[in-house]
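Following: one structure in structure tokens, then a few remarks.
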Amino acid sequence: MNLFKKLKSPLITLSQEINTTYMRTLSVVLLAAVCLYTSVYAKNQISGTSAAPNAAPALSTPLRNELPIYSVETDQPMIALTFDAAWGDEDLADILAILSAHQAKATFFVSGDWVDKYPDAIQSIHAAGHELANHGTNHKHMPQLSEEAMMTEIMECHQRVNALTGVNMTAFRAPYSDWSDSVVAVAKRCGYSSINQNVDSVDWKDYGVDSIIQTVMQDPDLGNGAIILLHNGATYTRDALDELLTQLEQAGYQFETISNLVYTTDYTIDHTGRQFPST
């Protein structure tokens, strides 16, 4: 009996050492497999961001912090006038006429619902040489949606504008300027640059003509590469626009569409949302 105990003890120790070694080896193998899978998955996701807008984009949790573009670094006195269009169209003809008088091109972020209600307005914007951009389909708070629902919001608006004009839009602005990492990442996978603004006219608050002009012209962020937010359908925007453009011209600024202002490759975005060329 004592001999059996003496023989049993080393066997138990050896068995424990083998089990420990086995578990450690298995853990290393599993960890390596997970890392390999993650690397390949991430590579596939990143390579899929340049897919055509009409393709069904891959969805996943964002791989890094994402910011929309608030402004663009440039040594040229270029700024972008942008209009969010999700309400009526009663003032649109006047807005287009004022822009034409100043030879100013603008970018109109249109919602899918607005496209359906006012197809003639979409055609007028396009015919006047302005840029059409995506404002989602139903003007929803995008971060509250699933990634699949975000994609639907973006792509349905895209398809409605494309069917009407043949335009493949490339710029997206989230309704209410409500962003999250996921919103920017999903927009990118749909073929879109995410655009916010660094100068808000606050015209939707209906403070009056002078308020709109002063708010824009006195904004400390107004400068080269600024993106200005306006709205059609606001009470005083139409009445303020001519004088606003005059003052911006007198300050030396030229007007560019978003697609002509932003960089689409080889860029970085700092913590303020300002876009810089990488080279």
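The table that follows gives values for the structure above.
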| read-out | value |
| --- | --- |
| Restricting segment 109-137 to residues that are aliphatic (A, V, I, L, M) and outside any helix (DSSP H, G or I), the residue that is farthest from W179 (Cα to Cα) | A128 |
| Filtered residues of segment 230-254 (kept if open to solvent by less than 50 Å² (accessible area, probe 1.4 Å) and touching a helix residue (DSSP H, G or I) at 6+ places or on another chain (Cβ under 8 Å)) | L230, H231, N232, A234, T237, A240, L241, L244, L245, L248 |
| Exclusive hit being in contact with an Asp or Glu (Cβ under 8 Å, 6 or more places away or on another chain) and either closer than 28 Å to M155 by Cα or not in a strand (DSSP E or B) (or both), set L248, L222, L244, L229 | L229 |
| Of residues in segment 143-153 being within 19 Å of V115 (Cα to Cα) and of a type outside the set (A, V, I, L, M, F, W, C), the one most open to solvent (accessible area, probe 1.4 Å) | T152 |
| Enumeration of residues in segment 189-218 that are surrounded by 17 or more Cβ atoms within 10 Å (Cβ to Cβ) and among the acidic types (D, E) | D200, D203 |
| Options T272, T265: the member that is farther than 16 Å from A106 by Cβ, β-branched (V, I, T) and modelled with pLDDT under 95 | T265 |
| Of all residues making up segment 210-261, the number that are over 21 Å from V110 (Cβ atoms) and at pLDDT below 95 | 0 |
| Condition check for K140: outside any helix (DSSP H, G or I), open to solvent by 10 Å² or more (accessible area, probe 1.4 Å), in contact (Cβ under 8 Å) with a residue 12 or more places away in the chain and farther than 23 Å from C190 by Cα | no |
| Matching residues, segment 154-176, being open to solvent by 10 Å² or more (accessible area, probe 1.4 Å), over 24 Å from A93 (Cα atoms) and touching a helix residue (DSSP H, G or I) at 6+ places or on another chain (Cβ under 8 Å) | E156, T170 |
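Residue by residue, here is whether (1) at pLDDT below 95; (2) surrounded by 16 or more Cβ atoms within 10 Å (Cβ to Cβ); (3) part of a loop (DSSP other than H, G, I, E, B) holds:
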residue: P57; (1), (2), (3): yes, yes, yes
residue: T61; (1), (2), (3): yes, no, yes
residue: E66; (1), (2), (3): yes, yes, yes
residue: A80; (1), (2), (3): no, yes, no
residue: D84; (1), (2), (3): no, yes, no
residue: W87; (1), (2), (3): yes, yes, yes
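The values are calculated or read from the model by the stated rules, or taken from the named source; none is laboratory data. All of these numbers come straight from a predicted model, not from anything done at the bench. Cβ coordinates were reconstructed from backbone atoms using ideal geometry, including for glycine residues, and neighbour counts include every protein chain displayed. Remember, those area values only see protein heavy atoms, side chains included, never the ligands or the DNA or RNA. Shrake-Rupley method; radii C 1.70, N 1.55, O 1.52, S 1.80 Å.
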